[in-house]
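One structure is given below, encoded as structure tokens.
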Amino acid sequence: MNNKRVTIYDLAKAINLSPSYISKALNNHPSVGDKMKEKVRKAAKDLNYKHNSYAANLRMGISKTIGVIVPHINKSFFSELIAGIEEICFEHDYGLIICQSQESYEKECRAIDTLIRQNVDGILISVSAETNSSEHLQNIINHDTILIQIDRFIENFNSYKVTNDNEKLAYNATMHLINQGYQNIVFLGWTEQLTIDQLRKRGYLQAMEASGLTSHIYDNAIQKDRTKEIITLLLSSNTPPDAFLTFSDEQALCVLQVANSLGIKVPQELGIIGSGNDILTEITTPTLSAVNQKSIEIGRKAANLYFEILAGKNDNPVEIKEEIIQAEIIGRESTAKNS
């Protein structure tokens, strides 16, 4: 069985027309009459000819494809972020190539190289936990590719950014715990290399200081085993915390698991608030309070910004800017101490 793809040259030979004329007919060129267009389309259908839009786009100097790099595609925050991007790209007839770094700087660099070789028109990236250099991001710009940092970003690198006000969201989340009557609040961090972790710590410290409370910060709670170890140590101490402000919903779920194993009542004895607003936070017992970062909105905003930049690339360039999506605190049972 011959599975060879039918080319425009095969189609031209079959109906005795030139390939250039066939191309015009398929692309609805005004110089080709309606009857001839219909003839060409019928022949294309009969021969199972598929128009190579990728090659056609490259001839015009574009690929109509955007590359997206995220730490994990199986985390709800990033999957929803990608869904927001895809929604806007679909409206503009653009495709996506999705890569994940798995929190590895090396994999992130390789993903960028792959996307550049694929001639994507833009790259939207949420940097990994290991990323502490911007050289690979500069490589994107050097190839005249639009770059937008989303959610996680390198602070001192001059590029478009779409993110939350991380300092404010941490301040508000901490004040939510304080207003519910918690005082010995632990900030469970991620990695000091991430700018958004630094900003969240700043917001937490501001809220604790404004309330006259002592701060307690524990970093590098990335791996689940390490996170569980830190939480168990703290909750088993002589002066255990009465609340945790966590960097992610995964950390918050881990706090809940450890608390349950130690017989600590949530929210009566321990308050917990996560970040991301994963769907699991609504079905745990008790349900988990969370910071809703509005990941779908971040994705939509980033994709819309890309098309705004693209539209103004030649005649009306869009100034480098940072778009801020305001997060909101979702109070549920895990922080309802005063309810």
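The values are calculated or read from the model by the stated rules, or taken from the named source; none is laboratory data. Everything numeric here is computed off the predicted structure, so don't read it as measured data. Cβ atoms come from the backbone with ideal geometry, glycine included; neighbour counts cover every protein chain shown. The accessibility values were calculated without ligands, DNA or RNA, using every heavy atom of the protein model including side chains. Shrake-Rupley method; radii C 1.70, N 1.55, O 1.52, S 1.80 Å.
Projected onto the charge dipole of the stretch 99-217 (+1 at Lys/Arg Cβ, -1 at Asp/Glu Cβ, origin at the Cα centre), which of Asn164, Ile125, Gln138 gives the Cα projection farthest towards the positive end? Going by the Cα projections, it comes out as Asn164. Ranking Asn16, Gln268, Phe77 by Cα position along the charge dipole of the chain, where only Lys, Arg, Asp and Glu carry charges on their C-beta atoms, puts Asn16 farthest toward the positive end.
Extending 7 Å from Cα along the Cβ direction at Ser237 and again at Glu269 yields two label points whose distance is 1.7 nm. The fraction of accessible area contributed by carbon and sulfur in the chain is 47 percent, rounded to a whole number (1.4 Å probe; ligands and nucleic acids excluded). Over 18 Å apart at the Cα level, from the set Lys161/Lys294; Lys24/Lys45; Lys75/Lys337; Lys42/Lys64; Lys75/Lys265, are Lys75/Lys337; Lys42/Lys64; Lys75/Lys265.
Here the spin labels are modelled as points 7 Å beyond Cα on the Cα-Cβ line, and at Ile279 and Glu322 they lie 3.3 nm apart.
Put simply, the amide H of Thr191, placed in the peptide plane, has neighbours under 5 Å in Asn220, leaving out anything fewer than 5 places away on its chain. Pairwise inverse Cα distances across the chain, averaged and inverted, put the Kirkwood hydrodynamic radius at 22.7 Å.
Here the calculated FRET efficiency for Ala14 and Ile116, from their Cβ-Cβ distance with R0 = 56 Å, stands at 0.90, rounded to the nearest 0.05. For the chain, the dipole from Cβ point charges (+1 on Lys and Arg, -1 on Asp and Glu) about the Cα centre works out to 1700 debye, to the nearest 20. Helical runs (DSSP H, four residues minimum) scored at -39500 (n - 2.57) apiece and divided by the length of the chain put the mean residue ellipticity at 222 nm at -13500 deg cm²/dmol. Taking 7 Å steps out from each Cα toward its Cβ at Glu106 and Gln257 produces label points 2.7 nm apart.
Once the Cα-Cα distance is subtracted from the 0.36 nm per residue extended length, the His29 to Gln223 segment shows a gain of 64.1 nm. Accessible area per residue for the chain is 50 Å², calculated with a 1.4 Å probe on protein heavy atoms, without ligands, DNA or RNA.
For the stretch 221-339, the antiparallel share of DSSP beta bridges with both residues in that region comes to about 35%. Protection proxy ranking of 93-99, 252-258, by the mean of other Cβ atoms within 10 Å over each peptide's residues and highest first, is 252-258, 93-99. Counting only alpha carbon atoms, the long axis of helix 249-261 and the longest principal axis of the chain meet at about 40°.
Measure nothing but the geometry: give the 0 to 90° angle between the long axis through the Cα atoms of 76-91 and the longest principal axis through the Cα atoms of the chain, rounded to 10°. Its long axis makes an angle of about 30 degrees.
Taking the 0 to 90 degree range and rounding to the nearest ten, how far is the long axis of helix 224-235 tilted relative to the main principal axis of the chain, both from C-alpha atoms? The answer is roughly 20 degrees.
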